[in-house]
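Enquirer: Structure below; questions to follow.
Laboratory data are not the source of any read-out in this text; all were calculated from the coordinates shown. Just so we're clear, the structure is a prediction, and the values are computed from it rather than from any experiment. Positions of Cβ are generated from backbone atoms using ideal geometry, with glycine treated the same way; all protein chains shown enter the neighbour counts.
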Amino acid sequence: MQDKSKIFNKALNLQTKGKFKEALKLYSKLLKEDDNNDKLLFLTGTSYLQSEQYSRAIEFLNKSIKINPNLQNSYNNKGIALTKLNQFSESILEYNKAINLNNNFFDAYLNKGFSLRKLKKYKEAIESFKFCEKLDPKQAKIYNNLGDVYSELKEYNESIQNYNKAIFLNKNYAGAYYSRGRLLSSLGHHRSAINDLKEAIKQGLKLNQHFHYILGDLFFAKMNLCEWDDYLELKKEIEEGIKNKIKVIRPFQLLSLNDDQKKHKIAAEIYAKEYSLDAFEKAGNPKYDNKKLKIGYFSPDFRKHPVGQSIIDVFRNHDKSKFEIYGFYHGPRKDEITQEIKKNFNEFFDIYNKSEEEILNLCYENQIDIAVDLCGYTNYSITGIFSKRVAPIQINFFGYSGTTGGNFHDYIIADKHIIPPNEFKNFSENVIYLPNCFLPSQSNVEISKKEILKKDLNLPDEKFVFGCLNSITKINPIIFNSWIKILNKCENSILWLLKENKESCENIIKEAKKGGIDKKRIIFAEKMKTDEHLKRMKYIDLFLDTHPYGAHVTTSEALRMGVPVLTMMGNSFASRVAGSMLECVGLKQLITNNLDEYTKSAIELRHDHHKLQNIKNYLLNNENINKLFNSKKYTQDLEKLFLDLTKN
């Protein structure tokens, strides 16, 4: 064997350069000769940590600690490995051991603060970071971490100030640009967010530092502004990243990028690995002997939101002689809809500021039989608790239009149009069907009695109205190009879109001008109260659905108001919802399968007044659309599904 010191130095040099695999080979060779060397075991464990093999890291760090219990860095690094495995409480124990050996151990306090934040122990997290500030106030990473805490506390000004301070101390701090960019985007400051995310990418490249999901975050911020200058290039790069199984885009963001359900599953599987999927054994889950089946509904959207407003009748209609229903609310905002929803539950728990452990204990104490996740990977998700199993049966339903890619949801509720059998392989969950459209709706909704005229909405009286009142993020240059072709072939028509922000409107107008469309033919609808929004929808002559992420609740609203919806049905869950509703009400002729067919159908319907009027008359006949809005029958079908699952 070569001189041991030369091999050791070579391994250390490789590790320093980030060549962990090569370093580990050399460390392994040295350990065969000397497996009682605490320093060697520490470096081996650290190399495993750096190469994201966290269980192996813990194994070797434990060996180093057993030989030398005074190795403060071994405790700290073991804590980091546990943190990466989402074992935050356990990690804090290790950080405390390191701090007991060195009361001024900056990194241990910093890492402890991170774990405390993850456990939602915000006050203690801030104290830990503030102690770091006393030790070394010029360390930019203190303020980046404080920014994260204040962001979660919804103290956004304080959060931004801390990110600003981190960048002031280190103008090349890629992580702070990334954190600030993500927060700014969530607050609607998409232009500043784009600048920060681009800077994070630029600074990260200098250090070979790559931020997970940053391309998806950049893509989504740009979609909020309808900024499509590099849409195809970014799309290609993201899809290549998915192909190579890289953490390149969050699953929810991908729904707007393509309709490839296989890619959606891959991205979801990558994302699902963020959670400790091995925290339970499915076979060992308890089954409760409750007299009534206990259903727990989990959502951050029990409020004025499409999810809360659409599903409220299900809660009202549940057969309380057979079911007890429990609401678990993990959203930050409450309103009058929250109070209305709350009335229908046996118990309603606000769990927004509770730790995972507290939520799990709450579910166990109440012996929840079936946990229904109405959020998935949308905002304020709590996937971590489902990965630890809150109930014997866990279901992905309604709020998120795709697979979660993990082993923590047993079932996904759909219908035969949303997920045809040939797509089952692209869902990690077992697919179960409702007999009609999977989308819940209220039987009756309040529609404004206020007189709303076209002129009040800035709509010209004599023009044909193509409308799409979807979220602006669902519009992309591909579908918009189809709309331009439609407008060019249909004189005396306008396109009515939802106004979300000034810059997106300006960009839409620019794109229209490129296609030869006068800006006067693009009209933007202001946000309105739900009852008034429904009333104004009657002025749409033909609703043009987006693709690949189509209109879901908005399609339901349009059909309720007698407005024909033209959709292009793709392969993904998110692209098939409007098609499912149209199939349900017997309007299959409004479903197209490709862009040319979609464009041609829109033009034909514009010019065939008789055909379009027949469709409108058909929709205004309640018998034809009752399947969509019969919430009592819908609830009964859902209950039968729940009961069947518990018999298995």
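Enquirer: Less than 22 Å apart at the alpha-carbon level, and either on another chain or at least 8 residues along: which lysines does that give for K519?
Expert: Filter leaves K222, K454, K455, K463, K474, K485, K489, K499, K502, K510, K527.
Enquirer: Against the longest principal axis of the chain, how steep is helix 54-67, in degrees 0 to 90 to the nearest 10, with axes from Cα atoms?
Expert: Rounded to the nearest ten degrees, it is 20.
Enquirer: Scattering from the C-alpha atoms of the chain alone, worked out with Debye: what is log10 I(q)/I(0) at q = 0.07, 0.08, 0.10 1/Å?
Expert: -0.52, -0.67, -1.01
Enquirer: Using amide H atoms built in the peptide plane, which far-off residues or other-chain residues are under 5 Å from F464 H to H?
Expert: S493, I494
Enquirer: Next up: How far is helix 20-33 tilted off the main Cα axis of the chain, in degrees rounded to 10, range 0 to 90?
Expert: Relative to the chain, helix 20-33 is tipped by roughly 30 degrees.
Enquirer: Using θ = phi - 60° and the Karplus form 6.51 cos²θ - 1.76 cosθ + 1.60, what ³J(HN,Hα) does each residue of the range 612-621 get, whole Hz, x for Gly and Pro?
Expert: 5, 5, 4, 5, 5, 4, 4, 5, 7, 8
Enquirer: Further question on the same structure: Suppose R0 equals 25 Å. What FRET efficiency, 1/(1 + (r/R0)^6) with r the Cβ-Cβ distance, do K130 and N353 give to the nearest 0.05? Walk me through the numbers before you get to the answer.
Expert: Values: r = 21 Å, r/R0 = 0.83.
E(calc), rounded to 0.05, equals 0.75.
Enquirer: Sorted by mean Cβ packing within 10 Å, highest first, what order do the peptides 460-470, 332-342, 308-318 take? If you can, show how the numbers build up before the last one.
Expert: On the way: 460-470: 18.1, 332-342: 15.4, 308-318: 21.5.
The densest-packed peptide leads the list: 308-318, 460-470, 332-342.
Enquirer: Now, a different point. Count neighbours as other Cβ atoms within 10 Å of each site's Cβ, and list the GluC sites (Glu not before Pro) in the range 52-131 that are DSSP loop with at most 12 such neighbours. Numbers along the way, then the final one.
Expert: On the way: sites: E52, E59, E90, E94, E124, E127; in loops: E52.
Loop-located and lightly packed - E52.
Enquirer: Please give the Cα centre distance for the range 105-149 versus the range 434-450, rounded to the nearest Å.
Expert: After rounding, the separation between the Cα centres reads 48 Å.
Enquirer: Now for a different question. So if I take the centroid of the Cα atoms in the range 347-364 and the same for the range 185-204, what is the distance between those two points in Å?
Expert: The two parts, judged by their Cα centres, are 34 Å apart.
Enquirer: Please provide three numbers in whole Å: the alpha-carbon extents of the range 283-443 along the principal axes, with the largest listed first.
Expert: Computed over the range 283-443, the largest-to-smallest principal extents equal 41, 40, 33 Å.
Enquirer: Excluding same-chain residues fewer than 8 positions from K263, which aspartates and glutamates have a Cα within less than 13 Å of its Cα?
Expert: Hits, sequence-local ones excluded: E239, E240, E423.
Enquirer: Moving on. Hey, what number do you get for the chain at 222 nm if only DSSP H runs of n ≥ 4 count, each worth -39500 (n - 2.57), divided across all residues, to the nearest 500? The partial results should precede the final answer.
Expert: Working: 29 runs with 338 residues, N = 648.
Calculated at 222 nm, the ellipticity per residue is -16000 deg cm²/dmol.
Enquirer: Applying 1/(1 + (r/R0)^6) with R0 = 60 Å to the Cβ-Cβ distance of K499 and N70, what FRET efficiency is obtained, to the nearest 0.05?
Expert: Details: r = 64 Å, r/R0 = 1.06.
FRET efficiency, K499 to N70: 0.40.
Enquirer: In the chain, which cysteines lack any other cysteine Cβ under 4.7 Å from their own?
Expert: Lone cysteines by the Cβ rule: C132, C226, C363, C375, C468, C490, C505.
Enquirer: Still on this structure, I have one more. Angle, helix 106-118 long axis vs. longest principal axis of the chain, Cα atoms, 0 to 90°, nearest 10?
Expert: Once rounded, one gets 30 degrees.
Enquirer: Please arrange D38, D230 by how many other C-beta atoms lie within 10 Å of their C-beta, fewest to most.
Expert: D230, D38
Enquirer: When the chain is fully extended, how far beyond the present Cα-Cα distance does E233 get from L620, taking 0.36 nm per residue of separation?
Expert: Working: separation 387, 0.36 × 387 = 139.32 nm, distance 4.41 nm.
Contour length minus Cα-Cα distance gives 134.9 nm.
Enquirer: Can you return the aspartates and glutamates within cross-link range of K616? Criterion is Cα-Cα under 16 Å, with same-chain partners fewer than 8 residues away left out.
Expert: Output for K616: D541, E557, E583, E604, D608.
Enquirer: Here's something else I'd like to know. By count of other Cβ within 10 Å, fewest leading, how are H190, H409, H417 ordered? Numbers along the way, then the final one.
Expert: On the way: H190 24, H409 27, H417 21.
Sorted ascending by nearby Cβ count, the order is H417, H190, H409.
Enquirer: Round to the nearest 0.05 the FRET efficiency obtained for K647 and E90 when R0 = 56 Å and r is the Cβ-Cβ distance. Let's see the in-between values first.
Expert: Details: r = 38 Å, r/R0 = 0.68.
The calculated FRET efficiency here is 0.90.
Enquirer: Can you give me the convex hull volume of the Cα atoms of the range 454-629, divided per residue and expressed in Å³? Walk me through the numbers before you get to the answer.
Expert: Values: hull volume 19.0 nm³, N = 176.
Roughly 108 Å³ of hull volume per residue.
Enquirer: Taking every pair of alpha-carbon atoms in the range 166-205, give the share separated by more than 13 Å as a whole percent. Provide the component values of the computation, followed by the final result.
Expert: Numbers: 333 of 780 pairs.
In whole percent, the long-distance tail amounts to 43.
Enquirer: Sticking with the crude label model, points 7 Å out along Cα→Cβ, report the distance from E59 to Q209 in nm, one decimal please.
Expert: Here the answer is 3.1 nm between the modelled labels.
Enquirer: How far is the Cα center of the range 1-78 from the Cα center of the range 322-341, in Å?
Expert: Using only Cα atoms, the two centres lie 51 Å from each other.
Enquirer: Using the 10 angstrom Cβ neighbour count as an exposure proxy, how do R191, R521, R117 rank, fewest first?
Expert: Numbers: R191 16, R521 19, R117 23.
So the residues, fewest neighbours to most, are R191, R521, R117.
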